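Some notes on the structure that comes next.
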Amino acid sequence: MLGIFRTRLVAKLALFIGLAVGIGFAILAIGSARIEARAVEDMHRESARAMATSLAAGVRNSMLTGNGVAVRDLLDDAKTGLRTADVRVFAPSGEEVFGKKPPAPPIDQQPAHVHAVLSTHANAPAGEATAMPIANEERCKKCHETGDLRGVLTLGTHGARVPIDASDGSLDALATIARSAFVQIMTAKRQDELDDFFAELAKTTPGIRGVAVYTTVAEKKFGTDDIGIPDDVVLRATKRGAIPFTEAKGDVRYRVVPLPNDKRCQGCHNPKESMNGAMVVAFSTRDLDANKTLSAATTTSLDHVMLSGLGRMITGFMDDVAHTGVVTTLSVHDDDGRLYHDAFAKYEPPPEVRTALDTRAHFETVDSLSKPEFVFVEPLANDPKCQRCHGPDQPLRGAIEIRLDTSKEVEAVKKVRARSIEFAGLTIVCALALLWLVLRATVLGPVAKIGRVAERVGAGDFDARLSVHSSDEMGRLATRINDMVAGLRQKLALSKYVSQETLRTVELSTSSTVNRVGIRQRVTMLFSDIRGFTSFSETRSPEEVVAMLNEYLQAQAEVVIKHGGDIDKFVGDELMARFTGDGAEARAAKCAVELIAAVAALESKASHGLTVGVGVNAGSVVLGSMGAENRLDFTVIGDAVNLAARLCSAAKGNEILVTQAIRDTLKEGEFHVETLEPIRVKGKAEPIPIFRISAAT
């Protein structure tokens, strides 16, 4: 019998609850109305807090995917499932977001200029502003499946503090519009669309000749092929603390905008770097055409921000345009006449939400038993992961409001209070005290410890452990959690020793048996080898050799990952990487050039006398799991692999050798290419044509 109570939590609870009830009935106390009422109030508070916390986490995770529709669906599902609760989310400005769309307004309630544009599909006056149709082009129909229009853009400049002319303020405003759209597109990880955006912006906007984004070494990353900006001007803008400036060259004026490496950029860029590069907008000031220039720049940028698919983040772009000072009216209505966003509107949320936003602390209704509604507002912190979309400028990204209908509970409490006023309440006090002590010792305490360990594991501390002092359900749960954490720690450690392709293969496997069958695939192979390593290792301790190798291989690995490559393995001082997919050959070539530069940068500080030779080849290889049943390696084999390795062996320090297969894919002017004498390779009857490539000068 005692064994049951030792190993079964239910038995313990049943025993102590029976004792509590027996004591209660024995002393003839049936309860305290106030305690019951406060218990209901605490339940409201904890339910609302738990609901707000859970929904806030769900909203955050859905927003991190960049899918605004998923956030709206989450909130709609919550409202449907929680019939006594209303859930709303507010932006820091007080504007409600992700709310259910209101019904389309009747024609007589639509703004006249909006109705005019929707009816005629042509521009219409809107007081001192102009309303313009937003066409539903073919590229837009992924989201807007039907209709000729997506909505109406209203834009006005009357009374603007910055006119569109040749002044620095005007050029800065236009450059800010381009930069804001660039940031939104990069945030959505749609950088492959930037070249099209910049080209369309230059084509459609009078006065803009070209737009380009440069790296910190004045290498063009995106945009117009050649806008004629000198490298030293770009380099001046990429220094720490640089501010926007204007540079003139002939009849062209360049607005140069530094791109600091703020927190929203550090998901892709190295956090240790202070700058990411600079954006340059080339203007032909004589072609600037005031409202036409502003309208074209805004609508073209707006189209591409919409195409990036970040949903509500389009409001950030509109607010950025409003802050430039070149417009005094800027709003978007959808194709049913509903207002989507007004960049100049002042939104006033409910007072409880405003209090939470102003104090940055949660708000809850005080003494909810006297009110038919319990309100709980939780601020949504703008933590580092969220800053990728929301930027680092604000501490909050909004607030979530929970309103619980407590009218039934309030009425019930009043009835209980009226009936229980005559009783002393000693029985319930004793019973609750005993239950609290028991639950605290058997459930609440262990659960709190488990929660603390879970938080530490969630923060990345896999050394956290639970002390196991019992063999009941809580003890067995603690043991399982300890085993789970140990397994996670082992998996994390093992994942660092295999390539990403190996991890993906294992994750996609549907059974514990690995299929040792290769597949033939076209792959671009890159081999790099450190020159001077042997002489270096002969004069250094093993610890120094390993430290050097880790530093130099880390620098190379970062470049490979940046260009979409997968590191197959490290063999001593040699790195083997493979590139697949569209543009694999060009990406591998760019990777090789940057890899040489990265090692040279390290060498300029360390002065070890080390360089790197690189060989690149593309061709059909066999890709698969190879080896013994109990020890496998996921790798590639084939003649194309061997040839890349031979080129690496033949390459001198700071030299990149590529085959004809790579040379044929490189664009003219993208690299400096030299044709070398063909080399003979073991196993090949004929000499192999080879080429030396380097960065274009």
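Among the numbered conditions (1) within 30 Å of the chain's Cα centre (by Cα); (2) open to solvent by 60 Å² or more (accessible area, probe 1.4 Å), the only one that Tyr214 does not meet is (2).
Each row is one residue, and each column tells you yes or no for (1) within 18 Å of Thr187 (Cβ to Cβ); (2) buried (at least 19 other Cβ atoms within 10 Å of the Cβ); (3) of a type in the set (Ser, Thr, Tyr).
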{"position": "Pro260", "(1), (2), (3)": "yes, no, no"}
{"position": "Thr285", "(1), (2), (3)": "no, no, yes"}
{"position": "Asn291", "(1), (2), (3)": "no, no, no"}
{"position": "Thr298", "(1), (2), (3)": "no, yes, yes"}
{"position": "Leu302", "(1), (2), (3)": "yes, yes, no"}
{"position": "Thr324", "(1), (2), (3)": "no, yes, yes"}
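Pairing each residue of the range 84-108 that is touching a residue at least 60 places away in the same chain (Cβ under 8 Å) and polar (S, T, N, Q) with any residue that is in a loop (DSSP other than H, G, I, E, B) and open to solvent by 20 Å² or more (accessible area, probe 1.4 Å), provided the two are 6+ apart or on different chains, yields C-beta distances under 6 Å for Ser93/Tyr347. Can you tell me how many residues in the range 573-605 are open to solvent by 50 Å² or more (accessible area, probe 1.4 Å), more than 28 Å from the chain's Cα centre (by Cα) and charged (D, E, K, R)? Qualifying residue count for the region: 1.
Looking across the range 672-697, just one residue is within 23 Å of Val641 (Cβ to Cβ) and touching a residue at least 60 places away in the same chain (Cβ under 8 Å), and that is Ile693. One residue is enough: does the range 551-572 have a residue meeting the conditions at negative phi, open to solvent by 60 Å² or more (accessible area, probe 1.4 Å) and in a strand (DSSP E or B)? There is at least one residue in the range 551-572 that is at negative phi, open to solvent by 60 Å² or more (accessible area, probe 1.4 Å) and in a strand (DSSP E or B). Of the numbered criteria (1) modelled with pLDDT under 75; (2) farther than 21 Å from Val183 by Cα; (3) touching an Asp or Glu at 6+ places or on another chain (Cβ under 8 Å), the one Val375 fails is (1). Check whether at least one residue in the range 264-276 is part of a helix (DSSP H, G or I), surrounded by 18 or more Cβ atoms within 10 Å (Cβ to Cβ) and touching a helix residue (DSSP H, G or I) at 6+ places or on another chain (Cβ under 8 Å), and report yes or no. Checking the range 264-276: at least one residue is part of a helix (DSSP H, G or I), surrounded by 18 or more Cβ atoms within 10 Å (Cβ to Cβ) and touching a helix residue (DSSP H, G or I) at 6+ places or on another chain (Cβ under 8 Å). Restricting to the range 85-111, count the residues that are open to solvent by 40 Å² or more (accessible area, probe 1.4 Å), modelled with pLDDT of 80 or more and acidic (Asp, Glu). The number of residues fulfilling the criteria is 2. Among residues of the range 464-478 that are farther than 14 Å from Ala441 by Cβ, those with a Cβ under 7 angstrom from a residue that is assigned to a loop (DSSP other than H, G, I, E, B) and aliphatic (A, V, I, L, M), sequence gap 6+ or separate chain, pair up as Ala478/Leu466; Ala478/Val468.
Table: residues versus (1) more than 30 Å from Ala586 (Cβ to Cβ); (2) open to solvent by 10 Å² or more (accessible area, probe 1.4 Å).
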site: Asp231; (1), (2): no, yes
site: Val234; (1), (2): no, no
site: Ile243; (1), (2): yes, yes
site: Arg253; (1), (2): yes, yes
site: Leu288; (1), (2): yes, yes
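Restricting Thr697, Thr659, Thr675, Thr665 to those that are in contact with a helix residue (DSSP H, G or I) (Cβ under 6 Å, 6 or more places away or on another chain) and either closer than 24 Å to Val593 by Cα or modelled with pLDDT of 95 or more (or both) reduces the list to Thr665. Cβ separations smaller than 8 Å between residues 6+ apart or across chains give the following pairs from the range 226-253 residues that are on the phi > 0 side of the Ramachandran plot and at pLDDT below 90 to residues that are charged (D, E, K, R) and open to solvent by 40 Å² or more (accessible area, probe 1.4 Å): Gly228/Lys249.
The values are calculated or read from the model by the stated rules, or taken from the named source; none is laboratory data. Just so it is clear, the model here is predicted, and its values are computed rather than measured. Quick reminder, even Gly has a Cβ in these numbers, built from the backbone with ideal geometry, and neighbours come from all protein chains shown. Heads up: the accessible areas ignore ligands, DNA and RNA and are worked out on the full protein's heavy atoms, side chains in. Shrake-Rupley method; radii C 1.70, N 1.55, O 1.52, S 1.80 Å.
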